[in-house]
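FYI, it's all coordinate maths here, none of it is from the lab. Remember, it's a predicted structure, so these values are computed and weren't measured experimentally. Glycine gets a Cβ as well: all are built from the backbone with ideal geometry, and neighbour counts include every protein chain shown.
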Amino acid sequence: LNEHVCTTKIALLGTMNVSVIDVAQAAWTSTAAGEDRSYEDALRVSKFMAREGHWTPFAQSFLQFHFHVPIFVARQMMRHNIGIVWNEESRRYVKSEPKINVPLCNEFRSKSETLKQGSGGELPFALSVAAETLLCKHSDDSIKVYNGLLDLGLCPEQARMALPLNTMTNIVGSFNLWSLFNFYKKRIHKTAQVEIQKVAQRIDELVSPISDAWVVLKENRNG
Ligand SMILES: Cc1cc2nc3c(=O)[nH]c(=O)nc-3n(C[C@H](O)[C@H](O)[C@H](O)COP(=O)(O)OP(=O)(O)OC[C@H]3O[C@@H](n4cnc5c(N)ncnc54)[C@H](O)[C@@H]3O)c2cc1C
């Protein structure tokens, strides 16, 4: 029985200025031309700016998220830095029992023959069961060693050396809208690891219904 199933969770904590009106108003500051403009004007100028790479008006919009993800996913996420601020929980201070993520049997993927960075199709069932069993044992052992080291009186900042990369972590990240789209576009791509593709997909599910400026970026921004 896999007692280490921990689902990745992403929550949208807050937003500021995420509509095309906000984006257009920021752009129109330069000409003081905003007052008499319609929604259609705002939409048109937003699409134009998205297409032509005029990023600063989109970078005046902000979104903050909470991420509950395995450390190996967090490491990939935190490679993105421009226009983004991260804070992460620290096992130097957090005392709760670590949660370790082991995928379900049907989530294991085989090695890819063609893609350098990717993975292939589903691993055959018998091999998936073996992978799940090995990872569950490794997770149980890691937690035992971690707790054993703490019981010896070792400081938490060194005891955490026993924990594997699939230990869950909590991060708060704030993005400007332009940077969020850069993150999304690179991580939804089929060459990105499936686990981070799911993060990108969830971001889109959360942001699309509340931000027409996000939809403009999705439909018009090239790079
Ligand atoms: C599929 C995939 C595979 C990857 N594989 C690896 C890997 O094997 N090893 C590895 O180390 N990394 C890897 N990465 C990470 C990648 O190299 C980037 O560090 C990461 O995607 C962050 O992207 P970014 O630079 O666009 O992000 P941000 O830091 O958010 O930067 C945003 C944009 O700002 C500009 N920018 C940022 N920094 C600079 C700079 N110093 N100089 C000039 N312009 C800058 C760029 O235009 C950049 O797109 C991979 C990423 C992806 C998506």
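Largest GNM mean-square fluctuation among Lys111, Lys144, Lys95, using the chain with Cα springs under 10 Å: Lys95. Taking the Cα centre of the chain as reference, the dipole from Cβ charges on Lys and Arg (+1) and Asp and Glu (-1) amounts to some 560 debye. Charges were assigned to the Cβ only: +1 to each Lys and Arg, -1 to each Asp and Glu. The resulting dipole of the range 125-216 about its Cα centre is roughly 300 debye.
Ordering Asn166, Asn81, Leu127 by Cα displacement along the dipole of the range 45-202 toward the positive end leaves Asn81 in first place; charges were set at the Cβ atoms of Lys, Arg (+1) and Asp, Glu (-1). Between 0 and 90 degrees, the angle of helix 39-52 with respect to the longest Cα principal axis of the chain falls at about 60 degrees. Among Ile82, Ile100, Ile203, the largest mean-square fluctuation in a Gaussian network model of the chain, built with springs joining Cα atoms closer than 10 Å, belongs to Ile82.
Relative contact order for the range 1-152 using alpha-carbon pairs under 8 Å, separation at least 6, rounded to a whole percent? Here the relative contact order equals 29 percent. Each of Tyr146, Tyr39, Tyr93 has some number of other Cβ atoms within 10 Å of its Cβ, and from fewest to most they run Tyr93, Tyr39, Tyr146.
Cα-Cα over 31 Å: which of Lys137/Lys185; Lys144/Lys190; Lys111/Lys137; Lys9/Lys137; Lys47/Lys198; Lys111/Lys198? Write down the numbers at each step before the final one.
Values: Lys137/Lys185 36 Å; Lys144/Lys190 37 Å; Lys111/Lys137 22 Å; Lys9/Lys137 24 Å; Lys47/Lys198 27 Å; Lys111/Lys198 19 Å.
As for pairs spanning more than 31 Å Cα to Cα, those are Lys137/Lys185; Lys144/Lys190.
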